[in-house]
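Q: Quick one: the structure is below, questions incoming.
The values are calculated or read from the model by the stated rules, or taken from the named source; none is laboratory data. Please read these numbers as outputs of a predicted model, since none were measured by experiment. For neighbour counting, all protein chains shown are included, and Cβ atoms are generated from backbone atoms with ideal geometry for every residue, glycine included.
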Amino acid sequence: MSTPPVLETRGLTRRFGGLEAVADVSFSVPQGEILGVIGPNGAGKSTFINLVTGHVKPSSGTVLVHGKDMTGAKPWTLAQARVARTFQIVKPFRGMTVRENVAVGVLYGPNHAVTMARALVRADEVLDDVGLEGARDRGPAELSTADARRLELAKALALDPELLLLDEVMAGLRDNEIQPGLDLIRRLRDRGLTILVVEHVMKAIREVSDRVLVIHQGRVLTSGEPDEVLSDPRVIEAYLGKRYAERHEGESGA
Ligand SMILES: Nc1ncnc2c1ncn2[C@@H]1O[C@H](COP(=O)(O)OP(=O)(O)O)[C@@H](O)[C@H]1O
Ligand SMILES: [Mg+2]
């Protein structure tokens with residue numbers, strides 16, 4: 001019997017009033033894949049992540065993790081099932097040090113029976129991983145944008161996930177800060193993680209993704225190899241508008 005995908009959604013839909021933020025998304029992510037998810041602002045990318053991680057309840061449809069139905073489960077339950085995510089708006093605990101922030105993640109993760117002393121040791125390992133070891137005794141408010149994103153990622157990794165969903169962890173970073181982020185994502189995948197990367201930085205998406213999924217107005221517009229998808233006129237049109245796509249038709253060399 002073949003192993004089920006790490007993540008599968010079937011007809012996943014979420015309405016906010018009259019708006020379909022996510023509409024009938026059926027998709028699966030196999031073990032060890034880095035899936036890039038792109039789409040214009042308001043396309044439904046964050047809502048899709050929220051639906052998978054239990055932060056928003058689906059209006060209809062199904063979420064399967066390793067083939068198990070997790071539809072409507074709470075974030076806590078999904079963390080126990082080794083699903084972790086970062087938030088687009090970072091949410092550190094302000095009254096704690098960087099190290100303590102990560103230790104809390106360890107204590108609440110699937111290995112939550114560990115002692116505080118052990119959690120702090122594990123936190124140090126995770127901080128090493130993300131390159132934040134030098135800031136472990138600082139407060140989250142003292143961190144640069146790039147380091148605040150590293151902390152957000154460290155908090156997710158503290159849960160020891162098998163599926164990691166990243167919501168724009170590179171937004172606002174300088175070019176020289178993006179490369180270490182991409183290297184880290186690849187390193188995590190090489191350790192066996194399956195990673196869903198929502199990102200606006202196209203260079204990052206092209207470089208790191210095995211496959212790209214495009215969401216537009218809540219629906220799957222297309223998916224496939226990064227180069228193929230990013231030169232698709234429908235994708236360019238979704239991002240830049242129809243007039244731009246027509247004017248530049250045939251120029252992409254696709
Ligand atoms: N809690 C909410 N209540 C009402 N509307 C929401 C809520 N969350 C998201 N939306 C709407 O759903 C759509 C998709 O939002 P979002 O998933 O944040 O898009 P993206 O992450 O792709 O920019 C947007 O129109 C947004 O305004
Ligand atoms: Mg978003």
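Q: Taking Thr53 as the residue in question, decide whether it is within 16 Å of ligand 2 (Cβ to nearest atom), over 25 Å from Val235 (Cα atoms), touching a strand residue (DSSP E or B) at 6+ places or on another chain (Cβ under 7 Å) and outside the structural domain of Ala156 (by TED's automatic domain parsing).
A: Here the answer is yes, as Thr53 does meet what is asked.
Q: Considering only the range 177-188, I want to know if a residue exists there that is among the charged types (D, E, K, R) and touching a His at 6+ places or on another chain (Cβ under 7 Å).
A: No - not one qualifying residue is present in the range 177-188.
Q: Write out, first by first residue and then by second, each pair whose Cβ atoms fall under 8 Å of each other, whose residues are 6+ apart or on separate chains, and whose first residue, in the range 185-208, is over 18 Å from Asp167 (Cβ atoms) while the second is of a type in the set (S, T, N, Q).
A: Close Cβ pairs (under 8 Å, with a partner that is of a type in the set (S, T, N, Q)) amount to Gly192/Gln31.
Q: Residues that are within 16 Å of ligand 1 (Cβ to nearest atom): list the helices (runs of 4 or more DSSP H) wholly contained in the range 48-146 that include at least 1 such residues.
A: It comes to 75-80.
Q: Turning to a different aspect of this structure: Give me the pairs: first residue in the range 217-232 and touching a residue at least 40 places away in the same chain (Cβ under 8 Å), second residue part of a loop (DSSP other than H, G, I, E, B) and among the polar types (S, T, N, Q), beta-carbon distance under 6 Å, and six or more apart or on different chains, which are they?
A: Within 6 Å, the pairs are Pro226/Ser209.
Q: Taking only pairs six or more apart or across chains, which ones have beta-carbon atoms under 6 Å, a first residue in the range 38-58 that is in contact (Cβ under 8 Å) with a residue 24 or more places away in the chain and at positive phi, and a second residue that is more than 8 Å from ligand 2 (Cβ to nearest atom) and assigned to a helix (DSSP H, G or I)?
A: If the second residue must be more than 8 Å from ligand 2 (Cβ to nearest atom) and assigned to a helix (DSSP H, G or I), the pairs left are Gly54/Pro75; Gly54/Leu78.
Q: Starting from the range 166-177, keep only residues that are free of Cβ contacts under 8 Å to residues at least 60 places away in the same chain, then list their pairs with residues that are of a type outside the set (Phe, Trp, Tyr) and more than 16 Å from ligand 2 (Cβ to nearest atom) whose Cβ atoms are within a distance under 6 Å, requiring at least 6 positions of separation or different chains.
A: Hits for this filter: Met170/Ile178; Met170/Gly181; Gly172/Thr145; Leu173/Ala146; Glu177/Ala146.
Q: Does the range 141-157 contain any residue that is farther than 19 Å from Ala79 by Cβ and of a type in the set (Val, Ile, Thr)?
A: Yes: the range 141-157 contains one or more residues that are farther than 19 Å from Ala79 by Cβ and of a type in the set (Val, Ile, Thr).
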